[in-house]
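Novice: Handing you a structure now.
The values are calculated or read from the model by the stated rules, or taken from the named source; none is laboratory data. Quick caveat: nothing in here was measured; it's all calculated off a predicted structure. Cβ atoms come from the backbone with ideal geometry, glycine included; neighbour counts cover every protein chain shown.
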Amino acid sequence: MNYYFRSKEILFETIIDLLIGKASASLKEILNAQLELEIKIEKYISRYIDILIDNPLLISFVLKVLNRNPEKLTQIKVADNLYNSEIFSNQLKEEAEKGNIRAVNPEQLYINMLSLIAFPFAIKEMINHRNNYTNNDFIHFIQSRKKVIYEMIISYLQPKKQNIMKNLHFNKRLQILLLVLTLGFLFSCSPEYIPNMANSPMFSNQG
């Protein structure tokens, strides 16, 4: 092995490149593509999860390397594909300036997205044990997280005004529901009260 690879560093980089070289390049292509933000996020999440499903030991392998020699990951080309957010960050800033999304720290958002994608693979055995999952069950669970993660990220990016309006709309519906439940309760207990409620101040015109 020393004859072919010369050093452990070259061997390490060769292994990583063989495992995810082409796949990781596709992630960078998505981030650099001229796509609408929502579509880009959806494609990125889906592709990243597919890569980890195809390479289930990758996360544990990378974590071991980080614990022993974290400098190695920063020195290989593949790492740049797995952790590259410059164009994505600029797009987030531009969309925020247009008012299409809330202003966020791009690095924080990017790390949150990566964590939501990768962490379940790091605790795969715990998830399987807790839920009595088979390997196929775990894959199905992870596949369902594509939609879960996407919706979480998009919901977080919504402008604050939209969130306020949604809350107001929800509160209005809650008030109507409570009113209906109250009327139903009063009717079931004392039907004779219902005709008198029309004269109640709650239902009188306030002008």
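Novice: Does segment 46-54 include one or more residues that are in contact (Cβ under 8 Å) with a residue 24 or more places away in the chain and more than 22 Å from residue 152 (Cα to Cα)?
Specialist: The answer is yes; a qualifying residue exists.
Novice: In segment 96-121, what count of residues is obtained for those that are over 18 Å from residue 148 (Cα atoms), touching a residue at least 60 places away in the same chain (Cβ under 8 Å) and part of a helix (DSSP H, G or I)?
Specialist: 0
Novice: Here is a further query. Taking the condition of being of a type in the set (S, T, N, Q), surrounded by 12 or more Cβ atoms within 10 Å (Cβ to Cβ) and modelled with pLDDT of 60 or more, how many residues in segment 154-181 meet it?
Specialist: Qualifying residue count, segment 154-181: 1.
Novice: Looking only at residues in segment 48-95 that are in a loop (DSSP other than H, G, I, E, B) and modelled with pLDDT under 70, which one is surrounded by the most Cβ atoms within 10 Å (Cβ to Cβ)?
Specialist: The residue in question is 76.
Novice: Would you point out the residue of segment 127-153, among those that are surrounded by 11 or more Cβ atoms within 10 Å (Cβ to Cβ) and of a type in the set (Lys, Arg), that is nearest to residue 47 (Cα to Cα)?
Specialist: Of everything passing the filter in segment 127-153, 146 is nearest to residue 47 (Cα to Cα).
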